[in-house]
Amino acid sequence: MNFAFMKTRHGKAITYAVLAVILALLPWMLTGGFENGKSWVRAVDFALLYIMLALGLNIVVGYAGLLDLGYIAFYAVGAYVYALLNSPHLAAILPAWLIGPNFIVMLVVAAVFAGMFGVMLGTPVLKLRGDYLAIVTLGFGEIIRIFLNNLDRPVNITNGPQGINNIDKVHFLDIDFGRPMEWLGLTFDMVHLYYYLILAFCIFIIFVTLRLQHSRIGRAWVALREDEIAANAMGINIRNVKLLAFAMGASFGGVSGALFASFQGFVSPESFVLMESIMVLCMVVLGGMGHIPGVILGAIIVSITPEILRDVINPLQEGIFGRRVVDPENLRMLIFGLAMIIIMLLRPEGLWPSKRRAREFHEHDEEAQA
Amino acid sequence: MSALLEIRGIHKRFGGLHALNDVSLSINAGEIYGLIGPNGAGKTTLFNVLTGLYQPDEGAFTFNGKDLFRKKPYVVVESGIARTFQNIRLFANMTALENVMVGQHVRTRTGVIGAVLRHPKARAEEAGIKVRAQELLDYVGIGRRHDELARNLSYGDQRRLEIARALATKPTLLALDEPAAGMNPSETEGLKKLMEKVRADGVTILLIEHDVKLMMGLCDRIAVLDYGKKIAEGVPEAVKNDPRVIEAYLGVAPQ
């Protein structure tokens, strides 16, 4: 494919305009084009949440090179902060002014809280790298989940394994995101409203990541990944830069988690298991570590593929065998696992890597052939 | 001349190994000061304790009147000491230009907010970083390779890039750890010219090197380390003829 025209200023503007129109119309194309369109929009909403998560993890893993296997903990923190402040669960205990704060304030609180947890994780692991770091972060992720599971006694804070129910939908700019809305002759359902809301935050996070990438901070992260000792000797304050990476990554996770809680209306520790951390890591690695478009692509593929399989496998099975032989849920992980293995063998740099990484891997091939 | 860097009574032990044993040096502003010694004499260890990568056990560092004993590397760099490494440590998968841009980290201020908002001040700083990085690459003579990944540069160019990156921190003292190692004679000659240029531009140089010929022609003063102790110090001619130095390098002739 020739992307050259996109490089010109005009081409860029046109590309962005087309992209904007597609994104604006996407939910309507889905609801118009498919019988179960609403569930597809829902899947897209989740994909957007995952994009935010993947971009957050990308800062930690892709830029700073710190392998984090407990990343979902920050998603959990964001989700629970939102849930606790926007549900009847703690309404009787907490002072009234704390309950149901302004939505933007709420998201800032979720981001800051998750960021604080990022620093909490980062501080003890400052000296660790690679496999040791992975093990500690994995433990951290599990600790958070187990805490959420058990903090219903002696004082009931998280309501334990039952989770928190009846979380309020977002109310913002006089819009109740939980109720269908008529506008321009169209009926905006909850999934539609949330689509635009999550999309807006997703774009904001993409913007922030893009800006950080080509900045003094972004370069310091990459230098840290490339050679910690040299970065140290160049006067980069390793401790601060690492903690900043953890905090930034975590705060993205927190925002995503808060949106998730309000969208879902229900949170429980089950949503934040290790498998989720691994999925987010897969998105980053599969798409192309350290490359924003790649990470976004990875998040979309990993989160949407199961939905597609669900809709494809059953008709396919019935067509071939005349009945359902395997449960699609089981097949899903099999196919997904196989796909991961094949992609990592054939394209270890990811599906859409940055120029830097593509060069890194490609040149090894050339050296091998020479 | 006043001493720019005063190293007094430095000790560093690794378990039973006394890697630096009461080492004292004083380096004057504007000179090229050489540090030689057999392998394992403690030269690189001295660099590492000076730049904060290792913690010295005892002693004192005074640089420009400032105490730098057991300070973090970023404090050392900020107060004006930059270094290169014996086994080149570039950011291999960053371009030459980006390497030098990273070097300016300590002299620039833009944080997260500046990076995200890209206000005029942050923009100006970023543009300045780029211009300065290119200038430094030109200065060390690899300006045309700016877009090349560091690891794809030739060996000699990697050495030069390391010097450019160190210079990006705006040092008053540049500590070079065996910059000529593995270079051919013409590359070494070029490096010598570069060091003289750097000195002429007001940067004091502390140099570890094995190439004796290079050291004799270049250094104003030389100190010799052996088994963690300073065994000689002075102008190159005197050091060359010091019997203890000859003994350290060649052993004592059997009687």
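The values are calculated or read from the model by the stated rules, or taken from the named source; none is laboratory data. From a predicted model like this one, the values you see are computed outputs, not experimental measurements. With ideal geometry, Cβ positions are generated from the backbone for all residues, glycine too; neighbour counts draw on all protein chains shown.
Could you please find all residues in the range A:224-266 being in a helix (DSSP H, G or I), within 8 Å of chain B (Cβ to nearest Cβ) and among the acidic types (Asp, Glu)? A:GLU226 - this is the single residue of the range A:224-266 that is in a helix (DSSP H, G or I), within 8 Å of chain B (Cβ to nearest Cβ) and among the acidic types (Asp, Glu).
Quick grid of which residues meet (1) outside any helix (DSSP H, G or I); (2) touching a Gly at 6+ places or on another chain (Cβ under 8 Å); (3) within 14 Å of chain A (Cβ to nearest Cβ):
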residue: B:THR110; (1), (2), (3): yes, no, yes
residue: B:GLY114; (1), (2), (3): no, no, yes
residue: B:ALA124; (1), (2), (3): no, no, yes
residue: B:LYS130; (1), (2), (3): no, no, yes
residue: B:GLN134; (1), (2), (3): no, yes, no
residue: B:LEU137; (1), (2), (3): no, yes, no
residue: B:ALA175; (1), (2), (3): yes, no, yes
residue: B:PRO179; (1), (2), (3): yes, no, no
residue: B:GLY182; (1), (2), (3): yes, no, no
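Screening B:VAL106 with (1) over 13 Å from the mean Cα position of the chain (by Cα); (2) more than 14 Å from every other protein chain (Cβ to nearest Cβ) gives one miss only, at (2). For the range A:323-338, state whether one or more residues are within 14 Å of chain B (Cβ to nearest Cβ) and at pLDDT 80 or above. Checked against the condition, which is being within 14 Å of chain B (Cβ to nearest Cβ) and at pLDDT 80 or above, the range A:323-338 yields no hits at all.
I'd like the full set of residues that are part of a helix (DSSP H, G or I), surrounded by 12 or more Cβ atoms within 10 Å (Cβ to Cβ) and more than 21 Å from the chain's Cα centre (by Cα), limited to the range A:122-132. Full working, then the answer.
Step one: of the range A:122-132, the residues part of a helix (DSSP H, G or I) are A:122-125, A:130-132.
Pick out the ones that are also surrounded by 12 or more Cβ atoms within 10 Å (Cβ to Cβ) and you get A:122-123, A:125, A:132.
The answer is A:THR123, A:VAL125, A:TYR132.
Of all residues being part of a helix (DSSP H, G or I) and among the acidic types (Asp, Glu) in the range B:225-247, which is surrounded by the fewest Cβ atoms within 10 Å (Cβ to Cβ)? Just the residue, please.
Start the filter on the range B:225-247 by keeping residues that are part of a helix (DSSP H, G or I), which leaves B:236-241, B:243-247.
From what's left, among the acidic types (Asp, Glu): B:237, B:247.
Values: B:GLU237: 10, B:GLU247: 13.
It comes out as B:GLU237.
Here is the figure for the range B:20-50: residues that are in contact with a helix residue (DSSP H, G or I) (Cβ under 9 Å, 6 or more places away or on another chain) and surrounded by fewer than 22 Cβ atoms within 10 Å (Cβ to Cβ) total 4. One residue stands out among those in the range B:80-101 that are in contact (Cβ under 8 Å) with a residue 60 or more places away in the chain and assigned to a loop (DSSP other than H, G, I, E, B): the one that is nearest to the other protein chains (Cβ to nearest Cβ), which is B:ARG89.
Having 2 or more residues that are under 21 Å from the mean Cα position of the chain (by Cα) and closer than 30 Å to A:LEU243 by Cα is the bar; report the helices (runs of 4 or more DSSP H) wholly within the range A:1-82 that clear it.
Ranges flagged: A:37-57.
Applying the condition of being within 11 Å of another protein chain (Cβ to nearest Cβ) and surrounded by fewer than 22 Cβ atoms within 10 Å (Cβ to Cβ) to the range B:139-170 and asking which residue is nearest to B:LEU35 (Cα to Cα) yields B:LYS170. Per the conditions (1) touching a strand residue (DSSP E or B) at 6+ places or on another chain (Cβ under 6 Å); (2) touching a residue at least 24 places away in the same chain (Cβ under 8 Å); (3) outside any loop (DSSP other than H, G, I, E, B), the sole criterion not satisfied by B:VAL77 is (1). Among the residues of the range A:94-109, is there at least one that is over 29 Å from A:ALA200 (Cα atoms) and either surrounded by 15 or more Cβ atoms within 10 Å (Cβ to Cβ) or touching a helix residue (DSSP H, G or I) at 6+ places or on another chain (Cβ under 8 Å) (or both)? Within the range A:94-109, one or more residues are over 29 Å from A:ALA200 (Cα atoms) and either surrounded by 15 or more Cβ atoms within 10 Å (Cβ to Cβ) or touching a helix residue (DSSP H, G or I) at 6+ places or on another chain (Cβ under 8 Å) (or both).
Just one of the numbered conditions (1) of a type in the set (S, T, N, Q); (2) within 24 Å of A:GLY130 (Cβ to Cβ); (3) within 14 Å of chain B (Cβ to nearest Cβ) is not true of A:SER277: (3).
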